[in-house]
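**Q** Take this structure first; my questions come after.
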């Protein structure tokens, strides 16, 4: 098994939506496919997936038969920046693979890309019911901010 972090590809969409759903990140008021489409319009290079790369056949290729390779999406992170602050969204790892450093690797890859864009600061939001993940972020150097986050929905997802 080889794990690789790479940019999202459109054919990853079904697997990413399944991952987000399984991870409890999807909400009725957010259409995950619309979120993906929006991200592909703005800084798509900051939408990353972790894939598990496996060979579909352990036998050596023979005449007329090529070895098949399968890439399985096992994690994701979306990042974005306004030039001053970077943000992380939709960090998810397949539940049975959590605790193996995949989330850390995704965050580090997103941070490197944000830093390369000159972004001096990275922030994220964690839903109150998902406080367990806060310990991961604390281990990665993220601190709770004394900031009230306000939001306003401009477009309703149907």
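**Q** Rank these for me by crowding, 131, 104, going from fewest to most other beta carbons within 10 Å.
**A** Arranged by neighbour count, lowest to highest, 131, 104 become 131, 104.
**Q** Moving on to the next point. Tell me, Kirkwood radius of segment 94-142 from alpha-carbon pair distances, in Å?
**A** It is 12.1 Å.
**Q** Which three semi-axes in whole Å describe the equivalent ellipsoid of the chain, each the square root of 5 times a Cα gyration tensor eigenvalue, listed largest first?
**A** Rounded to whole Å, the semi-axes are 30, 18, 16.
**Q** A further question on this structure: Using 0.36 nm per residue, how much length does the chain from residue 40 to residue 140 gain when fully extended, once their Cα-Cα distance is taken away?
**A** Using 0.36 nm per residue and subtracting the Cα-Cα distance, I get 33.3 nm.
**Q** Against the longest alpha carbon principal axis of the chain, how many degrees, from 0 to 90 and to the nearest 10, is the axis of helix 102-116 turned?
**A** Its long axis makes an angle of about 70 degrees.
**Q** Highest mean first, how do 7-20, 141-154 rank when packing is the count of other Cβ atoms within 10 Å averaged over residues?
**A** 7-20, 141-154
**Q** Let me ask you something else. Please give the peptides 72-85, 37-50 ranked by average Cβ packing (other Cβ atoms within 10 Å per residue), highest first, as a rough proxy for protection.
**A** Output ranking for 72-85, 37-50: 72-85, 37-50.
**Q** Relative to the longest principal axis of the chain, what angle (0 to 90°, nearest 10) does the C-alpha long axis of helix 13-22 take?
**A** Result, in degrees: 60.
**Q** By how many degrees, 0 to 90 and rounded to 10, does the Cα axis of helix 32-41 deviate from the longest principal axis of the chain?
**A** Here the helix axis deviates by roughly 90 degrees.
Readers should treat all values here as calculations from the given coordinates under stated rules, not as data from a laboratory. The structure presented is a predicted model; accordingly, all values stated were derived computationally and were not measured. Backbone-built Cβ (ideal geometry, glycine too); neighbour counts: all protein chains shown.
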